[in-house]
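To start, the structure under review is shown below, and the notes come after it.
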Amino acid sequence: MIKEVISIKNSRLIKPIYLTCRINRNGPTYDINPLKTDPRTKELGLELEDLMPSYFVIVNPKAHRGGISGHYHNKKKEIYSLINGRLIFFVSDLSGNREIIDFDTRIPNNVKEGGKIKFPVIYLPPKVAHLVYNPLNYTQTLLVLSRYSDEEAFKGGDIIEFDAVGGELKKVASEIRL
């Protein structure tokens, strides 16, 4: 059975929003400073402070991140931004309603606005289980914005294992038609 992969816009479980950032070159790296969020972030109960600090997650080719089959947080809110690439998000509410989201930013989604860039981002509220899979043959880097680091969430007992995939990941991933 081929698993249906949907776009972020069609998801019932997660919300697509945009983050406007100022990008400053700092030697060989760039500083990314969130300036403002999509107006809809207020409706979601997010403040700019919820997006600090930020960290990166590396997802190797044909590999996944997020535990054996996924996890959720009771308190932690997360915003994911993929600068240029494609990842598959497996998400589930705690009732077991699952979605497979194609997060493809290779399509020109980033809009330049006078020195600022709008990044398409995914907002994951508390109590939505998730796992990220990289279907491509190269490493993907995901920017995660959250008030709490994974280390703080782990120490605080706010990483709870939960099956976001709905079966063995390799089997489910092999049934995805991209």
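Details
- Checking Ala173 against (1) modelled with pLDDT under 80; (2) of a type in the set (Gly, Ala, Ser); (3) assigned to a strand (DSSP E or B), the condition it does not meet: (3)
- Where a residue in segment 159-170 is closer than 14 Å to Phe89 by Cα and its partner, wherever it lies, is of a type in the set (Lys, Arg) and not in a loop (DSSP other than H, G, I, E, B), with Cβ under 9 Å and at least six apart: Asp163/Arg98; Ala164/Arg98; Val165/Arg98; Gly166/Lys3; Gly166/Arg98
- Every residue from segment 91-143 that is in contact with an Asp or Glu (Cβ under 9 Å, 6 or more places away or on another chain) and at pLDDT below 85: Lys118, Val121, Ile122, Tyr123
- Selected residue (criterion: surrounded by the fewest Cβ atoms within 10 Å (Cβ to Cβ)) from residues of segment 133-172 that are of a type in the set (Lys, Arg) and farther than 13 Å from Lys75 by Cβ: Lys171
- Matching residues in segment 139-158 - criterion: being of a type in the set (A, V, I, L, M, F, W, C), touching a residue at least 60 places away in the same chain (Cβ under 8 Å) and part of a helix (DSSP H, G or I): Ala153
The values are calculated or read from the model by the stated rules, or taken from the named source; none is laboratory data. In this text, all values refer to a predicted model and were calculated from it rather than measured experimentally. Don't worry about glycine lacking a Cβ; one is built from the backbone with ideal geometry, like all the others, and counts go over all protein chains shown.
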